[in-house]
1. When a/c reaches 1.5 or more, the comparison of a/b and b/c decides; with that in mind, is segment 336-431 rounded, prolate or oblate per its Cα gyration tensor?
2. Relative contact order of segment 61-179, please, whole-number percent, based on alpha carbon pairs below 8 angstrom and at least 6 residues apart.
3. Using a ≥ b ≥ c from the Cα gyration tensor of segment 340-379 (square roots of the eigenvalues), is it rounded, prolate or oblate, where a/c under 1.5 gives rounded and otherwise the larger of a/b and b/c decides, a/b for prolate?
4. What net charge is computed for the residues neighbouring residue 287, neighbours being all others with C-beta under 13 Å from the C-beta of residue 287, Lys and Arg scored +1, Asp and Glu -1?
5. Just check segment 58-108 against the gyration tensor rule for me: Cα atoms, a ≥ b ≥ c as the square roots of the eigenvalues, rounded for a/c under 1.5, and otherwise prolate or oblate depending on whether a/b exceeds b/c.
6. Using 0.36 nm per residue, how much length does the chain from residue 203 to residue 291 gain when fully extended, once their Cα-Cα distance is taken away?
7. Can you give the charge dipole size of segment 101-213 about its Cα centre, rounded to the nearest 20 debye, using +1 on the beta carbon of Lys and Arg and -1 on the beta carbon of Asp and Glu?
8. Does a label point 7 Å from the Cα of residue 66, set along Cα-to-beta-carbon, have any residues of segment 155-181 with amide nitrogen under 19 Å, and which are they?
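FYI, it's all coordinate maths here, none of it is from the lab. What you see is a predicted model; the values in this text were computed from it and never measured. Glycine also receives a Cβ, built like all others from the backbone with ideal geometry; neighbour counts cover every protein chain displayed.
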Amino acid sequence: MADLPDSDAPEDRTELAPRPLEAEPVVRRRTVLRSASVRFAVLYGLVFGISTIVLAASLRYTTLGLLSRQTEVAIRADGAGLLNHYRTGGIPGMVLALRNRIRENPDDSAIYLLVDPLGNRVIGNMSGWPQAVKQDNVLYSVPIEHFHKSSAAQLRAYALPDGDQLLVGRDIEMQVKLRRILRDAMIWALAAMVGLGVVGALVVRGLFSRSIGDITTTTRAIARGDLSKRVRRDYTGDEFDIMAETINDMLDRIARLMDGVRQVSNAIAHDLRTPIARARTRLEFAASHSTDADELRIAIERATGELDGVVRVFQALLRIAEIEAGARRSAFAAINLTPVIADLAEFYEAAAEERGITFDASWPDALNMIGDVDMLQQAIANLLDNAIKFAPDGGVVHLAARRDAESIEIHITDNGPGIPEADRTRATERFYRAEAARNTPGTGLGLALVAAIAQLHNGRIRLDDNHPGLRAVLVLPRDNPKPSAKLRERLLSATRRKSVVA
């Protein structure tokens with residue numbers, strides 16, 4: 001046999017010990033660059049920056065590019081016109097045309113210069129030929145001295161057949177200044193973009209961190225066992241508020257389910273303790289006081305009956321759990337409830353006669369729907385059993401079924417003590433029993449089973465006052481739940497097999 005560990009030895013609880021809360025900020029600092037809010041903020045900044053740069057580049061291109069193209073077109077047209085004057089009138093004709101154009105140029109934006117083959121100035125509003133202009137029919141952007149001041153110009157040279165050279169251009173100093181203004185504006189816009197991008201990214205990150213952080217804090221508290229925590233809402237109706245509402249609804253449902261589990265556990269412990277203790281007492285008494293085999297057998301049979309009741313309770317709980325999980329939907333088929341109600345009415349009419357209870361029933365010819373006939377039969381039987389159980393001797397129980405275009409309603413009424421209005425909302429809970437039913441045999445699972453069956457069929461159970469007594473109404477949809485493609489195929493296959501057998 002292996003040696004048992006020394007009970008006094010300290011246990012290694014390294015894996016079981018919870019991680020200290022002080023380590024969480026360190027983890028946050030290490031993972032801040034991997035945070036979704038940071039990534040979204042960076043993406044926001046990049047998109048904002050790229051859009052700003054594209055806008056500025058587009059503005060620069062559309063302004064400076066347009067002005068530059070207009071200047072080039074003007075230079076080409078001016079040069080072509082002067083060359084035409086040369087072709088028709090030679091050098092004198094060109095000189096005359098140049099003199100007229102210089103005189104008609106009040107702002108001195110047009111630049112002209114005609115030089116002889118030796119480079120001497122013949123006519124023009126420039127003092128000399130720019131050194132940077134060396135090739136013909138090429139557009140140059142060069143600094144020049146124009147009217148004793150420095151300026152910038154776009155120039156194009158034309159070589160004439162007799163060796164003279166013509167220079168045509170436009171002063172673009174205003175364009176250069178505009179280019180500087182746009183450059184400075186783009187620099188300031190870029191700086192503003194960076195600043196606004198950082199501010200916007202921080203705002204977005206703060207919004208994400210606040211919303212997601214609040215959800216994280218709530219879920220951590222829930223994980224630690226505090227089911228009262230809820231996600232904070234701002235009631236703005238935006239996506240974060242809708243998400244918070246959805247999470248809170250989910251947490252409310254989880255809390256209700258957990259509370260239901262606790263109540264069921266307490267009810268099981270309370271309601272099953274008595275029959276188990278009674279069976280144990282009978283067996284102990286029989287073991288110590290029985291004088292013959294008959295007394296011992298009778299005691300064992302009574303104890304077995306008590307234990308059978310316990311088994312039935314657990315079977316009912318398992319059946320309710322199975323129904324609520326939807327595992328029985330595979331048995332759904334097209335059914336007619338009329339024969340089911342007729343059989344139940346015949347059976348319970350006999351049970352009612354034994355107690356002198358008046359039982360009457362009415363139903364239409366056909367109650368067609370899709371569902372599980374066995375479960376629906378059990379649900380109706382539970383309601384009839386409760387009605388006859390709580391109806392007084394000589395009372396009245398009525399069963400009625402009706403239908404409309406959308407639903408089937410089954411009404412079961414009695415004139416017993418009924419259920420107080422304050423208890424009706426809890427009447428379908430497991431093991432719940434009102435004060436009037438405390439002394440009546442039962443486990444408190446009948447209505448819970450009916451509610452589970454109704455919910456499985458997308459229906460509901462309604463409990464109303466019958467003045468006096470209780471009116472239980474089982475509402476079932478006629479067309480829902482619709483069978484799936486697999487279920488329809490299974491029903492079709494079953495129909496084919498039946499036709500083959502017939």
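1. On the way: a/c = 1.85, a/b = 1.23, b/c = 1.50.
Because a/c hits 1.5 or more and a/b fails to exceed b/c, segment 336-431 counts as oblate.
2. Numbers: 179 pairs, mean separation 28.6, N = 119.
Answer for segment 61-179 is 24 percent.
3. On the way: a/c = 3.90, a/b = 1.88, b/c = 2.07.
It comes out oblate by the Cα gyration axes.
4. Working: positive: 280, 282, 297; negative: 284, 295.
That sum, taken over residues with Cβ under 13 Å, equals +1.
5. On the way: a/c = 6.88, a/b = 2.27, b/c = 3.04.
Oblate, because a/c is 1.5 or more while a/b does not exceed b/c.
6. Details: separation 88, 0.36 × 88 = 31.68 nm, distance 8.79 nm.
So the chain would gain 22.9 nm between residue 203 and residue 291.
7. Details: 13 positive and 11 negative charges, 168 e Å.
That gives a dipole near 800 debye.
8. In segment 155-181, the label zone of residue 66 (backbone N under 19 Å from the point 7 Å along Cα→Cβ) covers 172-181.
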